[in-house]
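The values are calculated or read from the model by the stated rules, or taken from the named source; none is laboratory data. For clarity, every value in this text was computed on a predicted model and none was experimentally measured. Here Cβ is always computed from backbone atoms with ideal geometry, including for glycine, and neighbour counts include all displayed protein chains.
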Amino acid sequence: MLPEVDAALKKGATVVTAGSRLSRSLRAGFARARQAEGKRAWTSPDILPWNEWVMRRWHASSDAPPPLNGTQEESLWRRVIESRERGLIHTGGAARAAMEAWLLLHQYRLPREHPLWLQSRETAAFRQWSHEYGELTARLDRIDAARLPDRIRPAPAYLAGFDTLTPQQEALFARAPGTVRVGEGAARCRAPVLATLPDQEAEIEAAAAWARDRLDRQVGIIVPDLHGARKTVDRVFRSLVPGAYHISLGTPIAEHPMVAAALNMLELAVRPAPIDSATRVLLSPFARGDLARRALRDVEMRREGLWEASLESVGAFPEAAAAASALPRQQTASRWALSFSSLLAAFGWPGRPPVDFEAASSWQDVLADFSSLDTTVNAMTAGSAIDWLRRCAASRTFEPANRGEPVQILGTLEAAGSEFDALWITGFDSESWPPAASPNPFLPLALQRERDVPNSSPEQALAFARRVTARLLSSAAEIVVSHAETAEDRPLRPSPLVAHLAERKVKRPQPAPPRRPATEPFEDPAAPPLEVSGAAPGGARILELQSHCPFRAFAETRLRARPMEHPDPGLDPRGRGVLIHEALAHLMAAIGDSSRLAGPAGAEIAEAVEHALRRMADESAFGKRLREIERRRLTSLLERWLDVERERRVQFQVVGVEVKREVEVGGLRIVTRIDRVDRLPDRRSVLIDYKLTAPSPEAWEGERPDSPQLPLYAVTHEEALAAVAFAQVSTAGLRFRGVSAAAGALPKADEMDGSTFASRVAAWRDALETLAADYCRGEATVDPKDGPKTCEHCHLPTLCRIAD
């Protein structure tokens, strides 16, 4: 802390800072100074950030109502914009951009009656909005934060951490004789150095390792793009300096797990939500009830194909469902806040202790912001209330308390006025620093540049960056500035503002060896032998999985480690497959034999389509418009498929559809379901299985066939066989793919003589019996058939640990 600031505070002066962090830092520095003097108690220093000081002066200067908060102001901008721009999709984004433009307009004294406002559609629109917004606030007798500095009576103060003052601030303090603007201290670092690292993550790792060696001092880490790099920064510092760092940039309270859970619960209570949102509620640790039972309900809903769920259909929170059913149609925001609190209590939120009291307190602040809408928004529906509550939570920043950790991680602006013993500045490459100009689109560009609005021109951005760089390079006794060599394969150079610094070679730190538990590796490729009475669950898929990878067969069919379903609106490929199966089964049973194919089959097709649609009549996932689309698609497919059936040169009779049988192969009893069995005049059978995408017969061959389903049907069929085939029925193609020992039985099938066909069936039997026997005795080796290619579509790598 500068001596003049310390001396002024001891005399009771007020210090106004550019931001909250500097206020906290100065208070801590003042306390350390008093402790160094041997004092045990002292008067609290009067240090507060700019916005809080302005509010204090407003309350001291006026008996008017409190100014609009950010939520109230946004609601008024939304009202104005929605009334003027009815076709605008992103009203919220426009409202927030208008709020920023309104603030800059007042801070930099931009003239509102200037012809430049009419030179673009955006600036002309904002000029009209701002007039209406001003009239609206006048009718409400309210004022916003942008205009407060023009209405307050100033008082002398010391100003700390301000790189520049806006014209509005200069005019304010000109009316307060005795105001002192505290300058930067003398340069403390004689020789800052420049370090080059391979990439951004290497920069952050090097900075963290450097800070780890200086935990006995006050260390600052500057990350210009702290918002974008926050997750990487947190992960690296948690690994290298756990518990010894604080990130000044908070996150929206809406992202805190406890608050996110509350918002999801309320959303589910007032309107149907996507299945993933319902899952988050069901699996939330912040809700009441048996978590295992709720998890099972989640699996059930996904298997039912629900892509959207209501609180009632979830069925796991009866108390909350009862409370939700009693909600009024409309009420004010403050009444909704009370209703939502009661509704969350019915969910059991926030769950069992321990509760994050900082997050809970911030949630109460969100509810207070939301309740303040009573003065600017009329009674609203539950859906509108949830939308506003989410906006309030998204706009409120949650930052865990700064407990004076030795390593402080900040953005370039947040470091204003701060001093450290050691400072590492990352991200100073030529692309990132100086930052690119980004003028406000709602303000005339020429006026922005004329009034020197921040980021309005490259020249202004460069001047700003020079001031910040000079301030940072005088903020510590030891300073390292770094930049990355590359970003997304683009070469980078150091920023021209620091390229003159002496270079220091810094190596990327070696990662710490992972902590491994004291365990002894144990390999056991065999599971207990299969012991089931009757058929093993899993059907033909058991053999397919055993062929692909024995461990996957064991995990999916015996441990039931199946992948989670991810339902989407409409029908997924599996749902379309079910529709096709239902329609074809009904159609071919009605047709009965090949003689019926000679005439039209429109009535049979229509009935088959209606039958299939009735079987898929869940209106929540299969609405009227989708039914009509699927009706047309199915009708077309069935008409075209019958043309394929007419190409068969041998008479046939349909003797079975959806034929369910319990069979045994290699000691394994399973249930099979053959889509269709035809009989030829010589009484031999043709086995047909419908597919949207049909594998070729080559997939049936070898000791580990890729697709053993049809071979299984063939080797367990009790009657003489003529052919086996997949019938591909989809918009991608309509055809038979199979093998046949009867000429003309199936168009385009691979035809062969009877002995060759019999030999192939015998080879299938040998392969399937081996696979079945392996499964029964517990063979569960992690052995993907085609290596990584097989693993591409497997969901079990964390269970089988194949990469370890």
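For every residue, the table says whether it meets (1) part of a helix (DSSP H, G or I); (2) crowded, with 18+ Cβ neighbours inside 10 Å; (3) out of contact with any strand residue (DSSP E or B) (no Cβ under 6 Å at 6 or more places or on another chain).
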| residue | (1), (2), (3) |
| --- | --- |
| ALA603 | yes, no, yes |
| ASP675 | no, yes, no |
| ASP682 | no, no, yes |
| VAL686 | no, yes, no |
(message) Conditions first: (1) within 25 Å of ALA499 (Cβ to Cβ); (2) touching a residue at least 60 places away in the same chain (Cβ under 8 Å). ARG214 passes all but one, so which condition is the exception?
(response) (1)
(request) Determine which member of the set PHE317, PHE347 is closer than 28 Å to ARG560 by Cα and of a type in the set (Phe, Trp, Tyr). (result) PHE317
(request) Output the residue which, of all residues in region 234-255 that are of a type outside the set (A, V, I, L, M) and part of a loop (DSSP other than H, G, I, E, B), is nearest to GLY411 (Cα to Cα). (result) SER248
(message) Checking the condition part of a helix (DSSP H, G or I), touching a residue at least 60 places away in the same chain (Cβ under 8 Å) and over 30 Å from LEU373 (Cβ atoms), which residue from GLU73, GLU4 passes?
(response) GLU4
(message) Can you tell me which condition ARG84 does not meet? The list is (1) closer than 21 Å to ALA125 by Cα; (2) surrounded by 18 or more Cβ atoms within 10 Å (Cβ to Cβ); (3) in contact (Cβ under 8 Å) with a residue 24 or more places away in the chain, and all the others hold.
(response) (2)
(request) Consider GLU52 carefully, then state whether it is closer than 20 Å to THR137 by Cα and assigned to a helix (DSSP H, G or I). (result) no
(message) Take GLY12 and tell me if it is without any contact (Cβ under 8 Å) to a residue 60 or more places away in the chain, surrounded by fewer than 17 Cβ atoms within 10 Å (Cβ to Cβ) and either among the acidic types (Asp, Glu) or closer than 26 Å to SER371 by Cβ (or both).
(response) no
(request) Search region 164-177 for residues that are under 14 Å from ARG151 (Cα atoms) and pair each with any residue that is among the charged types (D, E, K, R) and in a loop (DSSP other than H, G, I, E, B) when their beta-carbon atoms are under 7 Å apart and the residues are at least 6 apart or on different chains. (result) GLN168/ARG109
(message) Anything in region 734-778 that is out of contact with any helix residue (DSSP H, G or I) (no Cβ under 7 Å at 6 or more places or on another chain) and either of a type in the set (Lys, Arg) or not assigned by TED's automatic domain parsing to the domain that holds ALA699 (or both)? List them, or say none.
(response) LYS748, ARG760, ARG777
(request) Search region 94-141 for residues being polar (S, T, N, Q) and assigned to a helix (DSSP H, G or I), and hand back the single one that is farthest from the chain's Cα centre (by Cα). (result) GLN119
(message) Against the conditions (1) farther than 25 Å from SER284 by Cβ; (2) outside the structural domain of GLU203 (by TED's automatic domain parsing), where does ALA368 fall short? Just the number, please.
(response) (1)
(message) Looking at region 88-100 only, could you name the residues that are in contact with a Leu (Cβ under 9 Å, 6 or more places away or on another chain) and closer than 10 Å to ALA146 by Cα?
(response) none
(request) Pairs only if they're at least six apart or on different chains, beta carbon under 9 angstrom, first in region 253-270 and in contact (Cβ under 8 Å) with a residue 12 or more places away in the chain, second of a type in the set (Lys, Arg) and not in a helix (DSSP H, G or I); list them, first residue then second. (result) ILE253/ARG396; ALA254/ARG396
(message) I'm checking my understanding of the structure. Among residues of region 548-586 that are in a loop (DSSP other than H, G, I, E, B) and among the aliphatic types (A, V, I, L, M), which one is surrounded by the fewest Cβ atoms within 10 Å (Cβ to Cβ)?
(response) MET564
(request) Looking at (1) free of Cβ contacts under 8 Å to residues at least 24 places away in the same chain; (2) of a type in the set (A, V, I, L, M); (3) surrounded by 16 or more Cβ atoms within 10 Å (Cβ to Cβ); (4) assigned to a loop (DSSP other than H, G, I, E, B), find the lone condition where LEU68 falls short. (result) (1)
(message) Of everything in region 166-204, what is touching a strand residue (DSSP E or B) at 6+ places or on another chain (Cβ under 6 Å), modelled with pLDDT of 85 or more and assigned to a loop (DSSP other than H, G, I, E, B)? Give them in sequence order.
(response) PRO192, ASP199
(request) Answer yes if at least one residue in region 654-662 is free of Cβ contacts under 8 Å to residues at least 40 places away in the same chain, out of contact with any helix residue (DSSP H, G or I) (no Cβ under 7 Å at 6 or more places or on another chain) and assigned to a loop (DSSP other than H, G, I, E, B), and no otherwise. (result) no
(request) Looking only at region 475-489, count how many residues are more than 12 Å from SER430 (Cα to Cα) and at pLDDT 90 or above. (result) 6
(message) Looking at region 370-383, I want the residues that are charged (D, E, K, R) and have a partner that is surrounded by fewer than 18 Cβ atoms within 10 Å (Cβ to Cβ) with Cβ atoms under 8 Å, at least 6 apart or on another chain. Which pairs are those?
(response) ASP374/THR332; ASP374/SER334
(request) Output the residue which, of all residues in region 641-657 that are touching a strand residue (DSSP E or B) at 6+ places or on another chain (Cβ under 6 Å) and of a type outside the set (A, V, I, L, M, F, W, C), is surrounded by the fewest Cβ atoms within 10 Å (Cβ to Cβ). (result) GLN653
